[in-house]
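Asker: Here it is, the structure in full.
The values are calculated or read from the model by the stated rules, or taken from the named source; none is laboratory data. Not measured: the values here are computed from a predicted model. Every residue, glycine among them, receives a Cβ derived from its backbone with ideal geometry; neighbour counts consider all protein chains shown. With ligands, DNA and RNA removed, areas are computed over all heavy atoms of the protein, side chains included. Shrake-Rupley method; radii C 1.70, N 1.55, O 1.52, S 1.80 Å.
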Amino acid sequence: MADHDRTAPTPDFGFKPTLSGELVLLRPVTVDDLPALMPMFDDAEVTRLTGSHGGVDEARLRAWYDTRGDQDDRLDLAVVEQATGNVVGEAVLNDWDAGNESCGFRIAFVPGTFGRGLGTEAVRLIVGYGFEKLGLHRISLEVYAFNPRARRVYEKVGFVAEGVLRDALLWDGERVDATVMSILAPDWSRHRGRPGGPTEPPGRRTS
């Protein structure tokens, strides 16, 4: 990846891939996935962990998901559990900064799907795609202080804490810090999403 700055392709966000791993498959999200994803928006704990203020308007969500395939500056993928075929969450590369070859990242799962390694593999799949196919240099995120489980997943994949946004969220009268984390293309090239272990590929692109 030493020549990354010179050889990185222009990201093609218009192409929506399918990424396959052992536990999960990531594919383009559609409006038909909304019924499976609605528990994610209705659950109080998921709402807290993502710092999502305001209520849920299903009609607006339906309009949102109906246009995800048309976006040429972001990638919205549904997370499908391989064992069941169920849609269990979504993984997103957004806030594309073309001049700096960087993107933001977020991921969320429906209640009852945590603790099975699905999130870790999903993060590896989409982050790997971001670096290896889209030619990104930096992928970043923010995680709130009351969500250590998510932070452990990000660290497992190789995200590094950069700093703290103090009192970034006001939730139920309490101000909560957010940690900014990132992973860089040279990091990925070195450990491929497994900074403490084997370096086998994170999955394969099937289409």
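Asker: If you put +1 on each Lys and Arg Cβ and -1 on each Asp and Glu Cβ, how big is the dipole of the chain around its Cα centre, in Debye rounded to 20?
Answerer: 660 debye
Asker: Step through the residues of segment 64-70 one at a time and calculate ³J(HN,Hα) from phi using the Karplus curve (6.51 cos²θ - 1.76 cosθ + 1.60, θ = phi - 60°), rounding each to whole Hz and writing x for Gly and Pro.
Answerer: For segment 64-70, the Karplus-derived couplings read 4, 5, 5, 10, 5, x, 8 Hz, x marking Gly and Pro.
Asker: So what is the relative contact order of segment 80-132, in percent, for Cα pairs below 8 Å that sit 6 or more residues apart?
Answerer: It rounds to 31 percent for segment 80-132.
Asker: Decide, for segment 61-200, between rounded, prolate and oblate: order the square roots of the alpha carbon gyration tensor eigenvalues as a ≥ b ≥ c, take rounded if a/c falls under 1.5, and otherwise choose prolate if a/b is larger than b/c, else oblate.
Answerer: rounded
Asker: Only Cα pairs under 8 Å and at least 6 apart count here; give the relative contact order of the chain as a rounded whole percent.
Answerer: Once divided by the residue count of the chain, the mean separation gives 24 percent.
Asker: Would you work out the relative contact order for segment 1-108, in percent, from Cα pairs under 8 angstrom that are 6 or more residues apart?
Answerer: Contact order relative to length: 27 percent.
Asker: Counting heavy atoms of the protein chains only and a 1.4 Å probe, report the per residue accessible area for the chain as a whole number of Å².
Answerer: It amounts to 50 Å² per residue over the chain.
Asker: Sequence-distant or interchain residues sharing an amide H contact under 5 Å with ALA108, placed H: which?
Answerer: When sequence neighbours closer than 5 places are left aside, the close amide H contacts are GLU90.
Asker: Along segment 95-112, what does the Karplus equation 6.51 cos²θ - 1.76 cosθ + 1.60 (θ = phi - 60°) give for ³J(HN,Hα), rounded to whole Hz, x for Gly and Pro?
Answerer: The phi angles translate into 6, 4, 10, 4, x, 10, 6, 9, 9, x, 9, 8, 8, 8, 10, 6, x, x Hz.
Asker: In terms of modelled amide H atoms, which long-range or inter-chain residues lie less than 5 Å from the amide H of TRP96?
Answerer: GLY104
Asker: Continuing with the same structure: With each pseudo-label sitting 7 Å past Cα toward Cβ, what's the ARG106-ALA59 distance in nm, one decimal?
Answerer: Distance between the two pseudo-spin positions: 2.3 nm.
Asker: Nothing charged except the Cβ atoms of Lys and Arg (+1) and of Asp and Glu (-1): what's the magnitude of the dipole of segment 1-120 about its Cα centre? Round to the nearest 20 debye.
Answerer: So the magnitude is around 240 debye.
Asker: When the Debye formula is applied to the Cα atoms of segment 1-129, each taken as the same point scatterer, what base-10 log of I(q)/I(0) results at q = 0.18, 0.19 Å⁻¹?
Answerer: With no solvent term, the Cα-only Debye profile gives -1.04, -1.14.
Asker: If the only charges are +1 at each Lys and Arg Cβ and -1 at each Asp and Glu Cβ, what is the size of the charge dipole of segment 105-207 around the Cα centre, to the nearest 20 debye?
Answerer: 460 debye
Asker: Under the Karplus relation 6.51 cos²θ - 1.76 cosθ + 1.60, θ = phi - 60°, what is the ordered set of whole-Hz ³J(HN,Hα) values for segment 181-188, x standing for Gly and Pro?
Answerer: 10, 8, 9, 10, 4, x, 4, 4
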